[in-house]
Amino acid sequence: MAGLQNIGRASREPAVFEPYSLFHNGEPMTMAAYGGIPPGPHGEEGMGAGHQSEEEPSKEELREEELNGGNASARVVRVGSTVRKPWSPTSDSTVSYLRTLHRRGIDVPLGRGRDARGRLVLDYVPGSLAMEGAPLGPDLVHRIGALVRRIHDASTGVPLEGRWDVLIPAERPDLLCHNDLATWNLVIDGDRLVFIDWDGAGPSTRLWDLAYAAVSFAHLFPGADVHDSARRLAAFVDGYAAGGELRQALPDTMVRRAAAMHDLLRRSHESGRQPWGTMYVTGHGDHWAGTTRFIDEHTDDWCRALTR
């Protein structure tokens, strides 16, 4: 969920909500990182949560560079080829899920254990954020749709038990999902596509996760050309190889998913829950209200684009 800053070609993308992305000196980083630390409740092998690397760090590795920004991240620093961030109550479950996905053939960032301060040590993943080139071309969007399908398929059968922090829960969750598959959480490095920032992963459904991803990668935002957005939506869903039931349910679900984002911000403002409460009055609330209206007003266009 992305911040309000514009970078390069990202100036064409409207303000969006991003609690997990990393920025440097007030500008979004074009290199991103996130990973995991095995094992966990899913029985993966590797270093335990309390593991500390025994390698002697170089002087370069000891130099910390603070990564500023991100709407909900605590202090995050880069140290050499790694990123360090606070260990959270959900980290054990999240990194176990990542290790399971990796074992099942999904390219996800992996972790290096915990450092002497107890922080998560994560690989620094090279590449550019997809949001820098948004709206993306249909061919790339098709590839991303196929990647989302592989992630969902690889998640099938992974136990839902664990400690999660799902901001916008789905009804009757039956699948572990990223829950924030969007241009601001996708790193592109040549032909390599890697989703980062899995902090909000947890139980959801294919439809609920797919609807949110479709909004971002089809660029269903106010001011977008409806015809171009419909083409991107078709490319994304074709890449996912969605069946008739998903295609039929997706347009209305995209409306509900965008409305749920706005509702999260509104309720957070009313209850004082931060940082989402402040975001509601600093542009994010208006953005998601407008996005909800835009998707709802053009539902017939999305239905036609998804008809096979």
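The condition of being out of contact with any Pro (no Cβ under 9 Å at 6 or more places or on another chain), closer than 20 Å to Asn179 by Cβ and surrounded by fewer than 20 Cβ atoms within 10 Å (Cβ to Cβ) holds for only one of Leu250, Leu246, Leu220, Leu210, that being Leu246.
Among the residues of segment 81-99, is any surrounded by fewer than 13 Cβ atoms within 10 Å (Cβ to Cβ), modelled with pLDDT of 85 or more and farther than 15 Å from Trp198 by Cα? Scanning segment 81-99 turns up no residue that is surrounded by fewer than 13 Cβ atoms within 10 Å (Cβ to Cβ), modelled with pLDDT of 85 or more and farther than 15 Å from Trp198 by Cα. Identify all residues within segment 145-170 that are more than 15 Å from Arg99 (Cα to Cα), among the aliphatic types (A, V, I, L, M) and under 14 Å from the mean Cα position of the chain (by Cα); write none if there are none. Correct list: Leu147, Val148, Val166, Leu167, Ile168. Considering segment 177-199, the residues that are within 8 Å of the chain's Cα centre (by Cα) and without any contact (Cβ under 8 Å) to a residue 60 or more places away in the chain include one that is surrounded by the fewest Cβ atoms within 10 Å (Cβ to Cβ), namely Leu181. Taking strands (runs of 3 or more DSSP E) as the structural unit, those lying wholly within segment 84-192 and holding at least 1 residues that are assigned by TED's automatic domain parsing to the domain that holds Arg267 and over 30 Å from Arg63 (Cα atoms) correspond to 175-177. Looking at segment 253-308, the helices (runs of 4 or more DSSP H) lying wholly inside it that each contain 3 or more residues that are at pLDDT below 95 sit at 276-280.
If only residues of segment 294-308 that are surrounded by 15 or more Cβ atoms within 10 Å (Cβ to Cβ) and either free of Cβ contacts under 8 Å to residues at least 24 places away in the same chain or of a type outside the set (Asp, Glu) (or both) are counted, the one that is farthest from Asp238 (Cα to Cα) is Phe294.
Of all residues in segment 193-211, those being not in a loop (DSSP other than H, G, I, E, B) and not hydroxyl-bearing (Ser, Thr, Tyr) number 11.
Evaluate the following for Gly202: is it at pLDDT 95 or above, farther than 14 Å from Trp302 by Cβ and over 19 Å from the mean Cα position of the chain (by Cα)? In short, no.
The values are calculated or read from the model by the stated rules, or taken from the named source; none is laboratory data. Because the structure is a prediction, the values reported are computed rather than measured. A quick note on method: Cβ atoms are made from the backbone with ideal geometry, for glycine too, and the neighbour counts reach across all protein chains shown.
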